[in-house]
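Read the structure below first, then the notes.
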Amino acid sequence: MSRVVHSFTTKVPVWTPYVTPVDPAAATPEQMAAMQVTPSNKGISPYVLTLAHDPESLAVRSPLFNQIMYGKDGLTSAERELGAVGASVANRCVYCAAVHASRFNGLTKRPEVIDTIFRDERDARLEPRDQAIFDFAARLSETPAALDGAAVETLREAGLDTLESVDLVFAAAIFGWANRLMHTLGEPPEP
């Protein structure tokens, strides 16, 4: 099976799983319980229905995802979304990049940031704080072992405190995982 190459866009594509998602009408009580805490609390997506094949993992994954992406301390919601975009661009996950770029745009009303990222990808030049967040998330996704004290110092110089820096690590890391799940379990169909 050849992988379809897509361009980044804020138009969220349809994600199609390779395996048949769990049918809610035939789901076990454990699967139904695990699906009650969806990542965005907006309904049960085909992605969540696919993850529900392993209800124990899903029951842990969704609350963790929600806490990382929707927590109240540390990074702003928009900065968490920018970290998710950085990871998703580095990992070539057009679905996650679109979802989180759209959220960033909705929160900030600064679509030019995402336009620049989607046009220039890793060569994007942004305002210093946005640049530090984007670069760190992308670098963490590309080569985690290459990040060192200098990478953290760059975050400090951009004005991130310790909790904000840890939040960024969490957001980028969970998207390293989410992007890999999305790619392995399905993909958007050809445009």
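Values for this structure:
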item: Whole-number D in µm²/s for the chain (Stokes-Einstein; Kirkwood sum over Cα pairs; 20 °C, 1.002 mPa s); result: 125
item: Shape of the stretch 100-191, Cα gyration tensor, a/c cut at 1.5; result: oblate
item: Solvent-accessible area of PHE118 with every protein chain in place, 1.4 Å probe, in Å² to the nearest 10; result: 30
item: Point-charge dipole on Cβ atoms (K/R +1, D/E -1) for the stretch 115-191, about Cα centre, debye to 20; result: 160
item: Dipole in debye (nearest 20) - the stretch 80-140, about Cα centre, beta carbon charges: Lys, Arg +1; Asp, Glu -1; result: 160
item: Heavy-atom accessible surface of the stretch 80-191: percent carbon and sulfur, 1.4 Å; result: 56
item: Listed residues SER45, ILE114, VAL60: farthest to the positive end of the dipole of the chain (Cβ charges); result: SER45
item: Relative packing of peptides 120-129, 98-107 - highest average C-beta neighbours within 10 Å first; result: 98-107, 120-129
item: Surface per residue (accessible, 1.4 Å probe) for the chain, Å²; result: 51
item: Peptides 47-54, 60-67, 143-150 ordered by average Cβ neighbours within 10 Å, highest first; result: 47-54, 60-67, 143-150
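The values are calculated or read from the model by the stated rules, or taken from the named source; none is laboratory data. Model, not experiment: these values are computed from the prediction. Cβ coordinates were reconstructed from backbone atoms using ideal geometry, including for glycine residues, and neighbour counts include every protein chain displayed. SASA here: full protein model, heavy atoms, side chains in, ligands and nucleic acids out. Shrake-Rupley method; radii C 1.70, N 1.55, O 1.52, S 1.80 Å.
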